[in-house]
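Here the structure comes first, spelled out in structure tokens, and everything after it is commentary.
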Amino acid sequence: MERTLLFDHLAHHGNVFRALFTDLTAEQVRWKPAPEKWCALELICHLHDEEREDFRARLKHVLETPEAPMPKI
């Protein structure tokens, strides 16, 4: 995938998440469809953690050193 296209996809995903979660009330953010399921707040926290801890390192690897082994998470 071309770098510019990849960046465009990532920017679009940010817009999608903002559109989905921006206008939720505190009650809606904490609502769970079932006790074992995640609420929107847990989902957003998980995505934030994955972005900071995992995805960024993997994306950097793919763009800069794709021939090297994938970094461990």
So what is log10(I(q)/I(0)) for the chain at q = 0.12, 0.17, 0.19, 0.21 1/Å, when the Debye sum runs over its Cα atoms only? -0.48, -0.80, -0.91, -0.99
Per residue of the chain, what 222 nm ellipticity follows from adding -39500 (n - 2.57) for every DSSP H run with n ≥ 4, rounded to the nearest 500? -18000 deg cm²/dmol
Mean accessible surface per residue for the chain, computed with a 1.4 Å probe while every protein chain stays in place, in Å²: 86 Å²
Roughly what would the spin-label model give for residue 21 and residue 6, points 7 Å off Cα along C-beta, in nm? 2.4 nm
Proximal aspartates and glutamates to residue 37, defined as alpha-carbon separation beneath 16 angstrom and excluding residues fewer than eight positions away on the same chain: 27
So for 29, 62, what's the accessible-area order with a 1.4 Å probe, most first? 62, 29
I'd like the carbon and sulfur percentage of the solvent accessible area for the chain, probe radius 1.4 Å, heavy atoms only, ligands and nucleic acids excluded. 59 percent
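The values are calculated or read from the model by the stated rules, or taken from the named source; none is laboratory data. Just so you know, these numbers come straight off a predicted model, no measurement behind them. Heads up, the Cβs are rebuilt from the backbone with ideal geometry, glycines too, and the neighbour counts pull from every protein chain shown. In case anyone asks, the SASA skips ligands and DNA or RNA and just uses the protein heavy atoms, side chains included. Shrake-Rupley method; radii C 1.70, N 1.55, O 1.52, S 1.80 Å.
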